[in-house]
Amino acid sequence: MRFLPGGAFLMGSNRFYPEEAPIRRTAIDAFWIDETPVTNADFGAFVRATGYLTLAEREPDPALVAGLPPEFARAGSMVFDNRNRVPSGTGLPWWPFRAGACWRRPLGEGSGIDDLADHPVVHIACEDAEAYAHWAGKSLPTEAEWEYAARGGLADADYAWGDELAPGGIQMANTWQGEFPWTNLALDGWERTSPVRSYPANGHGLYDMIGNVWEWTADWWHERAEPPQARILPRGGSREATGGPSIRRAEPPQARILPRGGSREATGGPSIRRAEPPQARTLPRGGSREATGGRSEPTAQPASQGAPSCCAERNPTGGSLADSCDPALAVLVPRRVIKGGSHLCAPNYCRRYRPAARHAQAVDTSTSHIGFRCVVRTAGLG
Ligand SMILES: [Ca+2]
């Protein structure tokens, strides 16, 4: 783990998706954070010690959901697969539910992790991540802690390493090069997950904060409204304020609903597993500097800028469980904030390979591109 001293930093971004704005001054206490996402080897040690069974490995209880289709009444998880271009049901064709898929079998029956010991563990639902963290004497990071860590000491930089996605053509993280979801050029060497530490550490000595796998946080999802005037606009300003194009748009839910037990304790009633791939909901619409012709400059200002101002949020912990649910769905499932993007984030589809980026993820849905890392707090949040 790495010790981060905490302090004040600029959280969020006004240059990409509306849920990241406004940029604001945030202060957090010191904490320790894992250098890498939890790997298959790490998670295997936990399972051997405890006999823990992840949500994806448990057979759903048909009694919890009336009319459960037999194809979904099996243990399994969501596996990215772009070979099928025909949607089945209401979901995206490249996110099928695959029976048998779990952390031990990341591609489903017949697959394994013999060669993936140092890859991030995937097919982890929120409760699985929390169970591991509890066993390890750790916690999931808050969104603020995670973002502070990912920024690596750079103030308001777009990426964890500066303002260029691939400076000098060098790939700095495991993302998607090519036209998502059909053409994966794998210029970074990996079509799916990659071994942790395959790319340079950020300024805090942390690996894989960006790309590879999304990471669970402790925060309940909450939308952020972008007010007419942001409190802090150190570089540019909001698009509305500057007259540029807005990327705000209505986002019809594209969730594929999979009948599934889970989240009973969290919601006070039965829920269904809901597959909402993090990159499924928002397509970039102008708004980025590349798209609008704006310039991109490296930033090397220290993130910690002395004592927080009077208006800085301190140790923010996200929204409420009830408000985290997607009201457009018939069955409400709490959602957490996930951070960092994954190997499926591509410039043409989902530019969430950035510290400020965030996405809502249903707590009972696991996928082949979501993992986690842990923190230990030295004071305060506990
Ligand atoms: Ca890749």
Seminar exercise, completed: Here the residues within segment 132-165 that are part of a helix (DSSP H, G or I) and under 18 Å from TRP214 (Cβ atoms) are TYR132, ALA133, GLU143, ALA144, GLU145, TRP146, GLU147, TYR148, ALA149, ALA150, ARG151
Exercise. Which of the residues belonging to segment 31-54 are assigned to a helix (DSSP H, G or I) and either out of contact with any strand residue (DSSP E or B) (no Cβ under 8 Å at 6 or more places or on another chain) or on the phi > 0 side of the Ramachandran plot (or both)?
Worked result: ALA41, ASP42, PHE43, GLY44, ALA45, PHE46, VAL47, ARG48, ALA49, THR50
Seminar exercise, completed: Result of the Cβ filter at 6 Å on segment 215-230, keeping first residues that are within 16 Å of ALA21 (Cβ to Cβ) and at pLDDT 95 or above and partners that are surrounded by 18 or more Cβ atoms within 10 Å (Cβ to Cβ) and among the hydrophobic types (A, V, I, L, M, F, W, C), at least 6 apart or interchain, is TRP221/VAL337; TRP221/ALA360
Exercise. Just one of the numbered conditions (1) surrounded by 15 or more Cβ atoms within 10 Å (Cβ to Cβ); (2) touching a strand residue (DSSP E or B) at 6+ places or on another chain (Cβ under 9 Å); (3) free of Cβ contacts under 8 Å to residues at least 60 places away in the same chain is not true of GLU71; which one?
Worked result: (1)
Exercise. Does any residue in segment 170-193 that is at negative phi come within less than 6 Å, Cβ to Cβ, of a residue that is near the ligand (Cβ under 9 Å from one of its atoms) and basic (Lys, Arg) six or more places away or on a different chain, and which pairs are these?
Worked result: none
For this session: Hey, can you tell me all the residues within segment 322-336 that are touching a residue at least 60 places away in the same chain (Cβ under 8 Å), touching a Ser or Thr at 6+ places or on another chain (Cβ under 9 Å) and either over 13 Å from GLU223 (Cα atoms) or in a loop (DSSP other than H, G, I, E, B) (or both)?
Result: VAL331, LEU332, VAL333, PRO334
Exercise. Can you tell me which residues in segment 170-187 are buried (at least 21 other Cβ atoms within 10 Å of the Cβ), within 8 Å of the ligand (Cβ to nearest atom) and assigned to a loop (DSSP other than H, G, I, E, B)?
Worked result: THR175, TRP176
Exercise. Just a yes or no: is a residue in segment 44-53 under 20 Å from PRO141 (Cβ atoms) and in contact (Cβ under 8 Å) with a residue 60 or more places away in the chain?
Worked result: yes
Exercise. Looking at segment 143-155, is at least one residue more than 16 Å from the ligand (Cβ to nearest atom), within 30 Å of GLY7 (Cβ to Cβ) and of a type in the set (Phe, Trp, Tyr)?
Worked result: yes
Exercise. Scanning for something surrounded by 15 or more Cβ atoms within 10 Å (Cβ to Cβ), in a loop (DSSP other than H, G, I, E, B) and free of Cβ contacts under 8 Å to residues at least 12 places away in the same chain, does segment 74-93 turn up at least one residue?
Worked result: yes
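Hey, can you tell me all the residues within segment 200-225 that are within 16 Å of the ligand (Cβ to nearest atom) and buried (at least 24 other Cβ atoms within 10 Å of the Cβ)?
Kept after step one, since they are within 16 Å of the ligand (Cβ to nearest atom), are these residues of segment 200-225: 200, 207-214.
ASP208, MET209, ILE210, GLY211, ASN212, VAL213, TRP214, listed by residue number.
At pLDDT 50 or above and in a loop (DSSP other than H, G, I, E, B): does that describe ARG295?
On the way: at pLDDT 50 or above: no; in a loop (DSSP other than H, G, I, E, B): yes.
Judged against the criteria, ARG295 is not a match.
The values are calculated or read from the model by the stated rules, or taken from the named source; none is laboratory data. If you're wondering where the values come from, they're calculated on a predicted model, not measured in any experiment. Cβ coordinates were reconstructed from backbone atoms using ideal geometry, including for glycine residues, and neighbour counts include every protein chain displayed.
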